[in-house]
Amino acid sequence: MNIVEKILAKSAGREEVKPNEVIEARVDVAMINDITGPLAIKAFKEIGVKRIWKNKRVISILDHQTPANSIRAAEIHKTMRNFAKEQETPHLYDIGHGGICHQVMVEKGHVKPGELIVGADSHTCTYGALGAFATGIGSTDMGAVLATGKIWLRVPSTIKINVTGKIREPTTPKDLTLYVIKKIKSDGAIYKAIEFTGPTIKEASVSGRMTLCNMAIEMGAKTGIISPDEKTLSYVKKRTHENFKTIISGPDAKYEREVRLNIDNLKPQIACPNSVDNVREVEEVEGVKIDQAFIGSCTNGRLEDLQLAAKILRKRRVKRGVRLLITPASQEVFLKALRSGLLEVFVKAGACVCNPTCGACFGGHLGLLAPGEVCISTSNRNFMGRMGSPDAKIYLASPATVAASSTTGEITDPRRVEEIR
Amino acid sequence: MKVTGRAVIFGDNINTDLIIPGRYLTLTDPHELARHAMEPIDPKFPQKAREGVVIIAGKNFGCGSSREQAPIALKHAGARCIIAKSFARIFYRNAINIGLPVLESRKASEKIGEGELLEIDLEEGVILNKDKNQVIHADKLPRLILEIIRDGGLISHLKRRRKDEV
């Protein structure tokens, strides 16, 4: 079996499972946030069970509308806090204590290899970077999970994506991710899992692997996953003392198909409006004028991303007339960026550094776009209206491309920047 | 189990940000959500849907976020059924879980025109175009999913099952 089938077999208490079988699986960890949590809590209460299945296994994170930007958001946050209190769940990451849910889940040791994790957020697939089977679900499904600790799942068939070649700065794992989406397309993996393998993946950092798995959903996938290696284990062991069983794809693993990519000569990539699979090389769209640049989100708000942006912004300034917004993905990333002087670099360059939140990426608050405006963003979706007005345009690219573009006021290939060439 | 309504046609990759933009997700009243259904792509949708409609769409309907507010907004705006070439999986589960019927058919979007009157037999997966007197076959739904839809969603389904067991 491959890693996906092995984890699902374990969760179903079975020796073996096969693609397309429907199983009832035991969930190891469940995550809710402030946008989907209140509906899940409502569903849980309607089921009529008094206590959630395991209070230590339910993680609540406030991240989308934080700090509250409206009275409604404040009420929603209150619902989340009251639920955590009433159910005595020890893991509530409130404002100032966590950050973007997927980053917090990984940083705080709630994600362990070989586990089945469900989250009421589509980018839950990020945790596949640590070898967990993690998938996004809706609020009613989550209500049932809170009540029973179980979920029915159809075992997906798996696409294996084998990547060879070196990622050379200023090309980044984000460019690889966009390139993969270009090849698979936005509906190329509906109902399927994607396993990433090969020397390039082995070489990639945990942070880079998270970027890759994070965007598996943008191809319709149920999850993106990477078999754990020494890098994974050393990361996880620093974050949790709990035991876990490492699961990797077996030599007999079967796949629906295998896609081989060599990225030795990969140039910086960019997803053009209004679809994530509308991917081109940055050099093809250079010169498009921008109004806003955004570095952050569960896709690219980690320390490595900020370090790369700082290399570009250290000796440059954000072009007059352009807004550069930077949101570190978590309090931990924020503190590390503060201590290592990155935040000072950003502020001096004329960037606006915001608190860890999903705000700008999902068009909730902190940086919405006006009609006719153009934004270049490190986030994961460039759908029409995603970041504000339906008449605004969004381009998705790496932190290097976004930082470089913010200094020129137009889409700019980061290979033009001397310091990172 | 039959549903009827006039067809409203959409294309491929109708994502959850088009169905209900992120800035409305703090709304908790389904009817308030419904007022903004499809706003970025078709601001008149709630008006059109008031009498009850069937959404006909292309591939990958509902891609993007896990927000259950998306099928909730459509259902309360008046969508009685969605027929698409394919669905994104989280949306598909969410729609069923709130009792909004979803059918997959590769032919529906090619054969049905805007405003045509449809009658759908959910058990049989048969779409009758009353205006053209034409029958189109969709993929049949599995029994469990039909039961959940008949009960009005997963929660009522679980409640009924618990009652039946007692």
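Can you tell me the 0 to 90 degree angle between the C-alpha axis of helix A:3-12 and the longest principal axis of chain A, rounded to 10? Value to nearest ten degrees: 40. Applying the Karplus relation 6.51 cos²θ - 1.76 cosθ + 1.60 with θ = phi - 60° to segment A:197-206 yields 3J(HN,Hα) values of 9, x, x, 5, 6, 4, 6, 5, 6, 4 Hz, where x marks Gly and Pro. Cα convex hull, segment A:294-421: 85 Å³ per residue, rounded to a whole number. When chain A is treated as a GNM with alpha-carbon contacts under 10 Å, the residue of A:Pro251, A:Pro67, A:Pro19 showing the greatest mean-square fluctuation is A:Pro251. Springs between Cα atoms under 10 Å define the GNM used for chain B, and in it the highest mean-square fluctuation of B:Pro40, B:Pro101, B:Pro71 occurs at B:Pro40. Entry note, chain A: relative contact order of 17 percent, from Cα contacts under 8 Å with a spacing of 6+ residues. When both bridge partners sit in chain B, DSSP labels roughly 50% of those beta bridges antiparallel. Taking every alpha-carbon pair in segment A:109-179 and binning the separations at 10 Å intervals from zero gives 16, 39, 29, 12, 4 percent. Between helix A:71-86 and chain A there is an angle of about 40 degrees, using the helix long axis and the longest principal axis of the Cα atoms. Histogrammed with a bin width of 20 Å, the alpha carbon distances of the protein assembly as shown distribute as 22, 57, 21, 1 percent, first bin at zero.
Computed from the C-beta positions of A:Glu21 and A:Lys50, the FRET efficiency with R₀ = 45 Å rounds to 0.85. The mean number of partner chain beta-carbon atoms within 10 angstrom of a residue's beta-carbon across peptide B:40-52 is 1.
Considering helices alone, the calculated mean residue ellipticity of chain B at 222 nm is -8500 deg cm²/dmol, with DSSP H runs of length four and up weighted by -39500 (n - 2.57) and normalised per residue. With both labels modelled 7 Å from their Cα along Cα-to-Cβ, the A:Glu283 to B:Lys44 distance reads 4.7 nm. Largest GNM mean-square fluctuation across A:Gly287, A:Gly48, A:Gly367, computed for chain A with C-alpha springs under 10 Å, falls on A:Gly48. Sequentially through segment A:34-45, phi angles give Karplus couplings (6.51, -1.76, 1.60; θ = phi - 60°) of 6, 8, 9, x, x, 5, 5, 5, 4, 4, 4, 5 Hz, Gly and Pro residues having no value and appearing as x. Could you work out, for segment B:98-166, what percent of all Cα-Cα pairs fall into each 10 Å distance bin, beginning at 0 Å and stopping at the bin that holds the largest distance? Distribution as computed: 20, 40, 25, 12, 3 percent. Averaging the Cα positions of each part gives two centres, and for segment B:125-158 and segment A:199-258 these lie 38 Å apart. Of all beta bridges that DSSP places with both ends in the protein assembly as shown, some 30 percent have antiparallel geometry.
Each Lys and Arg adds +1 at its Cβ and each Asp and Glu adds -1 at its Cβ; summed about the Cα centre, chain A shows a dipole of about 580 debye. Working value for segment A:304-353: equivalent-ellipsoid semi-axes of 18, 11, 8 Å, each the square root of 5 times a Cα gyration tensor eigenvalue, largest first.
Per-residue Karplus couplings for segment A:396-407, computed as 6.51 cos²θ - 1.76 cosθ + 1.60 with θ equal to phi - 60°, are listed in order as 10, 8, 7, x, 5, 5, 5, 5, 4, 5, 5, 7 Hz, Gly and Pro entered as x.
Note on segment A:257-339: Cα Rg divided by 2.2 N^0.38 Å, N the number of residues, gives 1.32. Computed from Cα atoms alone, the Kirkwood hydrodynamic radius reported for segment A:203-354 is 18.4 Å. For segment B:65-113, the fraction of C-alpha pairs farther apart than 11 angstrom is 66 percent. Relative contact order for chain B: what percent, with Cα pairs under 8 Å and sequence separation of 6 or more? Relative contact order for chain B comes out at 23 percent.
With viscosity 1.567 mPa s and temperature 4 °C, the Kirkwood radius over alpha carbon pairs of segment A:69-226 converts through Stokes-Einstein to a diffusion coefficient of 77 µm²/s. With all pairs of separate Cα atoms included, segment A:32-100 yields a Kirkwood hydrodynamic radius of 12.1 Å. Our note on the geometry: Cα centres of segment A:287-334 and segment A:141-183, 24 Å apart. Each stretch of four or more DSSP H residues adds -39500 (n - 2.57); spread over every residue of chain A, this sum gives -9000 deg cm²/dmol at 222 nm. For segment B:1-32 and segment A:1-75, what is the separation of their Cα centres, given in Å? That distance is 24 Å. Across chain B, the fraction of Cα-Cα pairs farther apart than 18 Å, rounded to a whole number, is 56%. Take every Cα pair under 8 Å whose residues are at least 6 apart in sequence, average their separation, divide by the length of segment A:1-160, and the relative contact order is 35 percent.
Where a number appears in this text, it was derived from the coordinates with a stated rule and is not lab data. Because the structure is a prediction, the values reported are computed rather than measured. We place every Cβ from the backbone using ideal geometry, glycine too, and count neighbours over all the protein chains shown.
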